[in-house]
Amino acid sequence: MFALVSGELAPSIAFCLLNPDALLFVILIGTLQVFGQISVYYVIANFKQHIYPLISTTRKIVTILVSILAFSHRLNVAQWLSLALVFSGMGFELYDEVSSQERHRKARRMKRDKG
């Protein structure tokens, strides 16, 4: 809709007609976005809602680390500390989730054993 209002729709269509590979990439990106949204819905529907941000953040951080290693980027101390801080936060969140589930299981067992 924005492309139509801003007058960019016709040039975009013309570009895709002149460059069929671009249209293929647009279709591929759209298809991958649909699968991504289905995956997000699946994770939220089958797990707790805060698991998706954990998965998403992990994916982003791993992508950054792979990029650092693959392209030999240099990071300063503050950047390494920031990465460590993010991983520590994710680790704590995972630990908290696991220990919370264990506390709930123990509480249910105690309640069942009393009753």
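The values are calculated or read from the model by the stated rules, or taken from the named source; none is laboratory data. Keep in mind the model is a prediction, meaning the values are calculated, not measured. Because the Cβ atoms are built from the backbone with ideal geometry, glycine has one as well, and the counts that use them run over all protein chains shown.
So which of Q49, Q33 ends up being part of a helix (DSSP H, G or I), under 15 Å from the mean Cα position of the chain (by Cα) and without any contact (Cβ under 8 Å) to a residue 12 or more places away in the chain? Before the answer, list the steps.
Values: Q49 fails: part of a helix (DSSP H, G or I).
Of the residues listed, the single one that is part of a helix (DSSP H, G or I), under 15 Å from the mean Cα position of the chain (by Cα) and without any contact (Cβ under 8 Å) to a residue 12 or more places away in the chain is Q33.
Go over the candidates I55, I44, I27 one by one and state the one that is hydrophobic (A, V, I, L, M, F, W, C), modelled with pLDDT of 90 or more and either within 23 Å of F92 (Cβ to Cβ) or surrounded by 10 or more Cβ atoms within 10 Å (Cβ to Cβ) (or both).
Values: I55 fails: modelled with pLDDT of 90 or more; I44 fails: modelled with pLDDT of 90 or more.
Going through I55, I44, I27 in turn, just one is hydrophobic (A, V, I, L, M, F, W, C), modelled with pLDDT of 90 or more and either within 23 Å of F92 (Cβ to Cβ) or surrounded by 10 or more Cβ atoms within 10 Å (Cβ to Cβ) (or both): I27.
Looking only at the range 74-87, count every residue that is surrounded by 10 or more Cβ atoms within 10 Å (Cβ to Cβ), of a type outside the set (V, I, T) and assigned to a helix (DSSP H, G or I) and tell me the total. If you could, list the steps in order and put the result at the bottom.
Of the residues in the range 74-87, the ones surrounded by 10 or more Cβ atoms within 10 Å (Cβ to Cβ) are 75, 79-87.
If we keep only those that are of a type outside the set (V, I, T) as well, we get 75, 79-85, 87.
Next, from what is left, pick out any that are assigned to a helix (DSSP H, G or I): 79-85, 87.
Count: 8.
Within the group A3, A22, A70, which residue is small (G, A, S) and modelled with pLDDT under 85? Write out each step before concluding.
On the way: A22 fails: modelled with pLDDT under 85; A70 fails: modelled with pLDDT under 85.
So the residue among A3, A22, A70 that is small (G, A, S) and modelled with pLDDT under 85 is A3.
Yes or no, residue by residue, for (1) over 30 Å from Q37 (Cβ atoms); (2) basic (K, R); (3) not in a helix (DSSP H, G or I):
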position	(1), (2), (3)
L54	no, no, no
R59	no, yes, no
S67	no, no, no
S72	yes, no, yes
G89	no, no, no
Y95	no, no, no
R105	yes, yes, no
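Please state which of the following conditions F15 fails to meet, knowing it meets all the rest: (1) more than 27 Å from the chain's Cα centre (by Cα); (2) within 30 Å of F87 (Cβ to Cβ); (3) of a type in the set (F, W, Y).
F15 satisfies every listed condition except (2).
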